[in-house]
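Here is the structure we will look at, set down as C-alpha cells.
The values are calculated or read from the model by the stated rules, or taken from the named source; none is laboratory data. Everything numeric here is computed off the predicted structure, so don't read it as measured data. Cβ: placed from backbone, ideal geometry, glycine included. Neighbour counts: every protein chain shown. Surface accessibility is based on the protein's heavy atoms, side chains included, excluding ligands, DNA and RNA. Shrake-Rupley method; radii C 1.70, N 1.55, O 1.52, S 1.80 Å.
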6 protein chains.
Amino acid sequence: MFVREVDESLMLALVEPGFAARYLEIVDAEREYLGRWLAWPHNAHNREFFMSFITNALQGYSAGQSLTCGILYQGELVGNVSLNKIDRQLSKTDIGYWLSEQCQGQGLVTRAVSELLHIAFDELKLEKVEIAAAVENLASRKVAQRLGFTLEGVIRRAENIDGRVVDHAVYGLLAQEWHSSSV
Amino acid sequence: MFVREVDESLMLALVEPGFAARYLEIVDAEREYLGRWLAWPHNAHNREFFMSFITNALQGYSAGQSLTCGILYQGELVGNVSLNKIDRQLSKTDIGYWLSEQCQGQGLVTRAVSELLHIAFDELKLEKVEIAAAVENLASRKVAQRLGFTLEGVIRRAENIDGRVVDHAVYGLLAQEWHSSSV
Amino acid sequence: MFVREVDESLMLALVEPGFAARYLEIVDAEREYLGRWLAWPHNAHNREFFMSFITNALQGYSAGQSLTCGILYQGELVGNVSLNKIDRQLSKTDIGYWLSEQCQGQGLVTRAVSELLHIAFDELKLEKVEIAAAVENLASRKVAQRLGFTLEGVIRRAENIDGRVVDHAVYGLLAQEWHSSSV
Amino acid sequence: MFVREVDESLMLALVEPGFAARYLEIVDAEREYLGRWLAWPHNAHNREFFMSFITNALQGYSAGQSLTCGILYQGELVGNVSLNKIDRQLSKTDIGYWLSEQCQGQGLVTRAVSELLHIAFDELKLEKVEIAAAVENLASRKVAQRLGFTLEGVIRRAENIDGRVVDHAVYGLLAQEWHSSSV
Amino acid sequence: MFVREVDESLMLALVEPGFAARYLEIVDAEREYLGRWLAWPHNAHNREFFMSFITNALQGYSAGQSLTCGILYQGELVGNVSLNKIDRQLSKTDIGYWLSEQCQGQGLVTRAVSELLHIAFDELKLEKVEIAAAVENLASRKVAQRLGFTLEGVIRRAENIDGRVVDHAVYGLLAQEWHSSSV
Amino acid sequence: MFVREVDESLMLALVEPGFAARYLEIVDAEREYLGRWLAWPHNAHNREFFMSFITNALQGYSAGQSLTCGILYQGELVGNVSLNKIDRQLSKTDIGYWLSEQCQGQGLVTRAVSELLHIAFDELKLEKVEIAAAVENLASRKVAQRLGFTLEGVIRRAENIDGRVVDHAVYGLLAQEWHSSSV
C-alpha cells in the first residue's frame, strides 16, 4: 500500500487492487445507507465491480486525469475520496467522497477533502475545485460549506440515483479563496 | 438537403457535407464576431474543420445522441442550432447555437431554438432542456429568457474561449414549464 | 424528420431511428413478399435489426459514402431507396430499393429512383449509376428499363438470397445518357 | 520458400517477404508495360510497397480469404497469380495475374491459372471462378477464353487505372463447366 | 499445400487451414502422450483450436516473426516444428516441435529441426537458436544434444503444463558453432 | 506522492508523473554510467520518454501485472526498482533496478530489492523471483548474490544494449529459500 499521511489518525492511500474486498464488505453492509445519495452502490454486488473501479481509477491517475484514494482511519480502510476529473483547460477539478456510516461524525471527510484541496491547489496548481451534492444531502453539502465553498447554483435533473433524478447543489472554491482562507 | 420547415422564411436542415464551404465562408468573414463567445471559430480555418464537425454531428445523430441543424433563412444557410447531448438517463439535453451577424435582430435563433424545444419535449419526450451562456453574453442569455427558461446558477470557470476562461449562466426549462407556457 | 420533396404525393426522408418500428411492421407483414428477391428480410425479426441498419446508413451518409432514404407516400413510410455505395474513384454508385406490396403499381419506385438519379448526376456529379436485379425479378428490372438503363451483363452466382444463389442482370446508366434523355 | 509444382518448368510459390526485392526489380524494369492494364504498378516504387502487399496476402491466406502465389519459371520468380477473394457465401472466387514481359508467349499464365482452377474447384470445392479484364486487354481476355470461360457481360466504368477509367469484360466458369471440359 | 523438401521421405509444409482436422485427429488419439510435456494438448479439443493456432501461425509468418511447419513423413502429416519467435534485435530464435508417437524413433524431429537450423542460420542469417525443454523430457533434450547445442542453464519454474510447473533446460547454438560443426 | 517506508532513510514511492523531471535530470547527468548496463538510457533524452515510462508503469500496476517504484533516499528520488512482470501462471516475477551513481556503495539497492522480495513473497504470495544481469555487470550480480539468489544459468545473446549484445546471468530465489533464509 502506498500512502500519504494527513494527520495522526488519517491517511490517504492510492487505491489498489487489494482494496476491492474491503470496499465490497462496506457496501454489502451499508448499501442502503450509501445508496441514499450515491448511484453506484446499487450496482456494486461483487469484487469484479470494485476491481474494475480500481483499474479505471489507476488508469485515470496514470494519465494525470484523476486521483482516487482510500481513506484510512487508524489504519483501516473506511471510505474513498477523489479528484474525479482534472481539467487542465479550465484549470479545475471536482471532488467526490463516501465514508462508512460507522465513521461518520468525526470530520474525517472534511479532513480528507482538505488534503485533496492542498493537492489540487498547491501541487497541481489548479484554479478551482467544485463539489456537487444532491440538494437534500445535507451532510455532503456541509463538507463544502465548512471548507469555505460558495454555492454557485442549483442545477435541476443533475443525477440519476437508481431511477430517482435529483437536483444538484453546485459548490465552487477558487484558488485565491482557498489561499486567503488558509492563511 | 433534408429539411424541416419552421415557418415561411425559416427551415432547419440536417447538417450535411455540402454545408462545410458555406460555414467556412461565414466564419472567415465574421471570425472576430463569432469568436467573442464561441471557442471553436478560433480554430476553424479550413473546410476540413467543418467536414470533421459535420461527420461527428451526423455520427451523433445516427447514435441518437445529438441533433445538429443548419439554420436556413429564406433558403440561405446562416447559422447552426443543435441538441448537443441527448442524455436519456437524465432525460435532458442542452442547446447551442450561432448565427451570422448579418441576420441578427430578427429573432431567428429564438424561432429555431423554439423548434428544437418542440422536438426535445414533444418528439423525444425529454424532461428538461438546458442552455448555458457566458455570463456577459447578453444576446445569448436573452434567447433563454425569452423562451421562459429559469436561471439555475452561475458556474465559475465553465468555458475556455481561446485562453479566456469565462463563467456560465446556466438556464433550465422543464417539460412541464414548457407545456404550460406553450398553452 | 428531415425530408426532400419529390412531387405532391411523394417525399424522400433521410432514414432516422424513428423509422425502425414502421420498417419492422412492414417486413413482419410482408416478409414472404419482400424476401422473394431480397436477402435481409429473412434476418430482420426485431427493432434492433433496423436500428443497426439505420445507424450504419447514417454513418455511411456522414462519410459521404452512401445515401439511404425512406419513401414517404402521402405522408406514410412505405419503402426505402438508396445510393448504396458512392465510389468517387470510379465516379459511380449503385441504387437499391424496396417498397411495401400495398403500394406497388403506382410507379413510386421509379419516381423515387428518378430523384436519386437527379441527386447522383446533378448534385454529386457522378458519371454512372448501376442497378443490379436478380434475373427473374422482372418488376425490379422494369424500373431500370423504364429509366433508360442499358443491360450490361448477366453475372452468374451474384447474390445469395436465404440459401438460393441467383444471377444478376446488371444495368448501367451514364451521366451523358441521363442528360440527353432528360432533355 | 514453400512451393507447389505445376509441371516440369513451372511452380507456384506462396508469396513470402523474400519476394519483395524481385517483384520491385521486375516492376522497376517494366512499369510501363505492366501499368498498361494494372493500377498498382503506378504506385509501386519501393520495397515497402511489396512488403505490405505480401503481408496482406499472407493475412488473407491465413484467414482463408485469398491465395496469392508467385509464378516460378525454371526456378525464377517471374510473375504473380492469385485467388483474390474467396467468397464462401456465393461459393466463388476471382483470379488475377501478371507476368514479366520477358516471359510472355509461352502460356505460363494459362498454365498457372489452370492450377488455381484445380485448387478452386477440386480442393476448395467452389462453384464458380471469375476473371475480369479491361475490354481492350486482349492478352488477358485470351487466358479466360482459352480456359473455357464464358463472357458474362461488359461492365462500364469498372476500374480506374492511374486516372483512366476502363470497362471490364467479365468472364465466368462454373464448376460443372470446368469438370466437363477437363474430362 | 506449399512444401519444402528435406530429404526423400521428409517434407516441411507451411501450416494451412487444411491441417486442422489431421492435427485434431493426432491429438485426440495421443493426448496423454503429447500432454506429458506440452501445455496446449490439454486445451485442444476441437477443430477451432487448431484453426486459431494456424491463423496465428500464418499471421506470425506474414509478419516475419515466426515460421510454423507441418512435418510430412512419406506424404503424411505427423507433427509440427517451428521457429517460435524470430527476434531480429537479438538476432536469435527458439525452436519448438512435437511428433506423433507413431513416428518416434526414426530421427524425424532431428532432421526437421536440422532443416530449420539451415533456414535460421543460412537464410535468415540469425546468430543464435535456442531450444528449451522440461528438465525431465529426455527425448526432447536429446534432439538439442544431437544437434550440437550447449546447455546454458536450468531455469526453475519455467513452464506450466496443465497445472504442473516444470523447470527448463535451456540449450543454445550459435551460428559460428553451427557452421563449424556443419563443415 | 504515495509512499511505503523501508527504513529510516529509505522509502519506495509508487512512480508518478511528477518523477519524470528528476529521472531525466539523473539520466542526463549519468547517461554514460547508467547506459553501461541498461538499454533505455541511450533513448531517454526528454521528459516525454519518462512520462511514457511512468504511464506504462502505472497501467501495469493497475492491471496487477507490475509494480514500479522510485527509490527515495533521505527524501530524494535517486533510482528505480520494480517487479517487471508478475506472472500468476508460473507464480513468479523478475526484479529490475537502477540507482544514481551518487548513491552507490550504501546498499540502497539491496535494501530496496529486499522490500520488493517481501512484497512478492509475503503479499503477492509468489513462488519465485528472478534477477537477470549482464554477465560482466558485477555490481548488479552482487545484489542477487547478497540476497541469497541461486545462479541458474548463463543465457547467451540475452539483451541488446545500444547495439552490444550481452549474455545474461540468470538468478532465481524460491519462496521456500527466502522464508528459510529470512528466519
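Would you confirm whether or not region F:158-180 contains a residue that is modelled with pLDDT under 95 and of a type in the set (Ser, Thr, Tyr)? There is at least one residue in region F:158-180 that is modelled with pLDDT under 95 and of a type in the set (Ser, Thr, Tyr). In this structure, does C:Ala39 turn out to be touching a residue at least 12 places away in the same chain (Cβ under 8 Å) and either open to solvent by less than 30 Å² (accessible area, probe 1.4 Å) or within 13 Å of chain B (Cβ to nearest Cβ) (or both)? It is false that C:Ala39 is touching a residue at least 12 places away in the same chain (Cβ under 8 Å) and either open to solvent by less than 30 Å² (accessible area, probe 1.4 Å) or within 13 Å of chain B (Cβ to nearest Cβ) (or both). In region E:149-165, the condition of being open to solvent by 60 Å² or more (accessible area, probe 1.4 Å) and either hydrophobic (A, V, I, L, M, F, W, C) or part of a helix (DSSP H, G or I) (or both) is met by at least one residue. Here C:Gly105 clears all of (1) small (Gly, Ala, Ser); (2) within 11 Å of another protein chain (Cβ to nearest Cβ); (3) free of Cβ contacts under 8 Å to residues at least 40 places away in the same chain except the condition numbered (2). Does A:Thr110 qualify as being in contact with a strand residue (DSSP E or B) (Cβ under 7 Å, 6 or more places away or on another chain) and either under 25 Å from B:Ile155 (Cα atoms) or open to solvent by less than 10 Å² (accessible area, probe 1.4 Å) (or both)? Here the answer is no, as A:Thr110 does not meet what is asked. In region D:1-30, of all residues being away from chain E (no Cβ under 14 Å) and open to solvent by less than 50 Å² (accessible area, probe 1.4 Å), the one that is farthest from D:Gln102 (Cα to Cα) corresponds to D:Asp7. Look at region E:142-162: where a residue is more than 8 Å from chain F (Cβ to nearest Cβ) and under 24 Å from E:Arg111 (Cβ atoms) and a partner is among the hydrophobic types (A, V, I, L, M, F, W, C) and in a helix (DSSP H, G or I), sitting 6+ places away or on another chain with Cβ atoms under 7 Å, you get E:Val143/E:Val109; E:Val143/E:Val113; E:Leu147/E:Val113; E:Leu147/E:Leu117. Restricting to region C:119-142, give me the number of residues that are assigned to a strand (DSSP E or B) and out of contact with any Leu (no Cβ under 7 Å at 6 or more places or on another chain). Qualifying residue count, region C:119-142: 5.
Quick test for you: out of E:Arg47, E:Arg36, E:Arg4, E:Arg22, pick the one residue that is of a type in the set (Lys, Arg) and under 21 Å from E:Phe121 (Cα atoms).
Only one candidate passes the filter, namely E:Arg4.
A quick yes/no check of all residues on (1) surrounded by fewer than 20 Cβ atoms within 10 Å (Cβ to Cβ); (2) under 14 Å from the mean Cα position of the chain (by Cα); (3) in contact (Cβ under 8 Å) with a residue 24 or more places away in the chain; (4) closer than 16 Å to E:Val3 by Cβ:
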| residue | (1), (2), (3), (4) |
| --- | --- |
| E:Met51 | yes, no, yes, no |
| E:Asn56 | yes, no, no, no |
| E:Ser62 | no, no, no, no |
| E:Gln65 | yes, no, no, no |
| E:Gly70 | no, yes, yes, yes |
| E:Glu76 | yes, no, no, yes |
| E:Gly79 | no, yes, yes, yes |
| E:Asp87 | yes, no, no, no |
| E:Leu90 | yes, no, yes, no |
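Just one of (1) closer than 24 Å to F:Pro17 by Cα; (2) away from chain F (no Cβ under 13 Å); (3) open to solvent by 30 Å² or more (accessible area, probe 1.4 Å) fails for A:Ile95. It is (3). Taken over region E:166-180, the residue count meeting the criterion of being within 25 Å of F:Gln89 (Cβ to Cβ), open to solvent by 50 Å² or more (accessible area, probe 1.4 Å) and more than 10 Å from every other protein chain (Cβ to nearest Cβ) is 0. Of the residues in region A:117-140, at least one is touching a helix residue (DSSP H, G or I) at 6+ places or on another chain (Cβ under 8 Å), of a type in the set (Phe, Trp, Tyr) and crowded, with 17+ Cβ neighbours inside 10 Å.
For region E:57-89, give me each residue that is small (Gly, Ala, Ser) and over 13 Å from E:Val15 (Cα atoms).
Answer for region E:57-89, where residues must be small (Gly, Ala, Ser) and over 13 Å from E:Val15 (Cα atoms): E:Ala63, E:Gly64, E:Gly75.
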